[in-house]
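One structure below.
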Amino acid sequence: MDNDLANDVLDVLGRCLAGAKRPVALHEPRFEGNEWRYVKECLDSGWVSSVGAFVDRYESDLAALTGVRRAVAVVNGTAALHMCLLLAGVEREDEVLMPTLTFVATANAVVYCGAVPHLVDSDASTLGVDPEKLRAYMESLVERRSDLAFNKLTGRRIRALVVMHTFGHPADLESLSRVCGDFGLVLIEDAAESLGSFYKGRPTGNWGLLSAVSFNGNKIVTAGGGGAILTNNVELGDLAKHLTTTARRPHRWEFVHDAVGYNYRLPNINAALGCAQLEQLPESVTRKRALAVRYRDAFASISGASFFLEPEDCCSNYWLNALLIDPELANQRDRVLAASNEAGFMTRPVWSLMHRLPMYAACPRMNLDVAESLASRVVNLPSSAFL
Ligand SMILES: *Cc1c(COP(=O)(O)O)cnc(C)c1O
């Protein structure tokens, strides 16, 4: 009786992934396009490192794909987030609003700036920051001084809101943009998981003043490792390029640096891999959406859990598929995880919530009930595009 849900889930996975070789990984890259050719070009030409034609091409391809005016390739998504926050004007002792339901990199990047993560709750229909709950919270928390928002309890300036598009599903960007406008916050998107996703027809990563994407090995497009800063603000884009490349003034031989810069640039050999992968993004999204439809239809037949569907008005890349166990059966989650992993289907719970991690336990935060509930019930399913 107690094993009903685990058995049902196993049965659905068996049907949806019948042809797949076990163990079936959670998310695996495939290199079926020009990867070998482009990487070989790098090796043959000797341009493997910090400059090269593939870096420039990757940046323009990314900008074209997401519709932004500037894309700056960097070494990973965390570095991209760090740079987005710095360029948004986040300073030491500022607070930055961000979801507790996210990967740890979001919070780490805030701390790299000397700022304090201020943790907010999620909306169960998007898995992203809940705009209504955030607005109500800000109304009681914030004191406005000129254009700026200050936390009445801590006295610190609240500078920015980082939203994250969980598993590729867009957060409610329109409502969240409005909250930012009303409280003088800079909107930053952690779009690490959502390359190829759209909110109301406009790509994620194109809504924030600055956005970060990731090309880690488990993301929908991989460069081996890598990331990018996206922005429609050309000046900020140029500054991002400057600061991530050691802030060196262009000169034929002299080493003149005009700021404390970062060596965050993406090597050309990684950009080569990324270019080839990016060519396959539309196909990957199509395949992943087809897999999601298969899961959706199959899970419709079981009770006690539901397959998470893209929010209204959104087209999601379905980076990681998610099953949501009903609240009253949340205690079955570990059994579902154990049974599926034993059977060779790699499934995973969501990340630990940020306020549960020792270094972020004391961060300021609102009531986080929805995130708590979601974190106890999410099971991520095998999601590779080729499945
Ligand atoms: C992957 C990821 C990052 C970090 O990207 P890296 O390239 O691994 O540094 C940041 N935020 C979220 C939500 C992610 O999923």
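The values are calculated or read from the model by the stated rules, or taken from the named source; none is laboratory data. What you see is a predicted model; the values in this text were computed from it and never measured. No Cβ is skipped: glycine too gets one built from the backbone with ideal geometry, and neighbour counts run over all protein chains shown.
Things worth noting here:
- Which listed residue, of 235, 189, is of a type in the set (D, E, K, R) and over 20 Å from residue 131 (Cβ atoms): 235
- All positions within the stretch 175-207 that are small (Gly, Ala, Ser) and either closer than 18 Å to residue 241 by Cα or not in a loop (DSSP other than H, G, I, E, B) (or both): 175, 177, 181, 205
- Residue list for the stretch 10-40, filter: over 30 Å from residue 334 (Cα atoms) and modelled with pLDDT of 95 or more: 31, 33, 34, 35, 36, 37, 38, 39, 40
- From 352, 383, 301, 306, residue being farther than 26 Å from residue 197 by Cα and not in a helix (DSSP H, G or I): 301
Yes/no per residue for (1) touching a helix residue (DSSP H, G or I) at 6+ places or on another chain (Cβ under 6 Å); (2) surrounded by 17 or more Cβ atoms within 10 Å (Cβ to Cβ):
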| position | (1), (2) |
| --- | --- |
| 103 | no, yes |
| 109 | yes, yes |
| 118 | no, yes |
| 122 | yes, yes |
| 126 | no, yes |
| 135 | yes, no |
| 143 | no, no |
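- Condition broken by residue 187, with the remaining ones in (1) free of Cβ contacts under 8 Å to residues at least 60 places away in the same chain; (2) surrounded by 24 or more Cβ atoms within 10 Å (Cβ to Cβ); (3) touching a Ser or Thr at 6+ places or on another chain (Cβ under 8 Å) satisfied: (2)
- Checking every residue in the stretch 155-162 against the condition of being over 11 Å from the mean Cα position of the chain (by Cα), in the same structural domain as residue 113 (by TED's automatic domain parsing), assigned to a loop (DSSP other than H, G, I, E, B) and not hydrophobic (A, V, I, L, M, F, W, C) gives at least one match.
So that you can scan it fast, the table gives a plain yes or no per residue for (1) part of a strand (DSSP E or B); (2) in contact with a strand residue (DSSP E or B) (Cβ under 7 Å, 6 or more places away or on another chain):
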site	(1), (2)
213	yes, yes
219	no, no
223	no, no
230	yes, yes
240	no, yes
251	no, no
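Yes/no per residue for (1) within 18 Å of the chain's Cα centre (by Cα); (2) crowded, with 19+ Cβ neighbours inside 10 Å:
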position	(1), (2)
52	no, yes
55	no, yes
58	no, yes
63	yes, yes
69	no, no
76	yes, yes
85	yes, yes
91	no, no
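- Contacts under 7 angstrom Cβ, first residue in the stretch 157-168 being touching a residue at least 40 places away in the same chain (Cβ under 8 Å), partner away from the ligand (no atom under 15 Å from the Cβ) and part of a helix (DSSP H, G or I), 6 or more apart: 161/176; 161/180; 163/176
Yes/no per residue for (1) out of contact with any strand residue (DSSP E or B) (no Cβ under 8 Å at 6 or more places or on another chain); (2) within 12 Å of the ligand (Cβ to nearest atom); (3) not charged (D, E, K, R):
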{"position": "80", "(1), (2), (3)": "no, yes, yes"}
{"position": "88", "(1), (2), (3)": "no, no, yes"}
{"position": "104", "(1), (2), (3)": "yes, yes, yes"}
{"position": "110", "(1), (2), (3)": "no, yes, yes"}
{"position": "121", "(1), (2), (3)": "no, no, no"}
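Residue-wise test of (1) in contact (Cβ under 8 Å) with a residue 60 or more places away in the chain; (2) more than 10 Å from the ligand (Cβ to nearest atom).
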{"position": "170", "(1), (2)": "yes, yes"}
{"position": "177", "(1), (2)": "no, yes"}
{"position": "193", "(1), (2)": "yes, no"}
{"position": "210", "(1), (2)": "yes, yes"}
{"position": "213", "(1), (2)": "yes, no"}
{"position": "217", "(1), (2)": "yes, no"}
{"position": "221", "(1), (2)": "yes, yes"}
{"position": "226", "(1), (2)": "yes, no"}
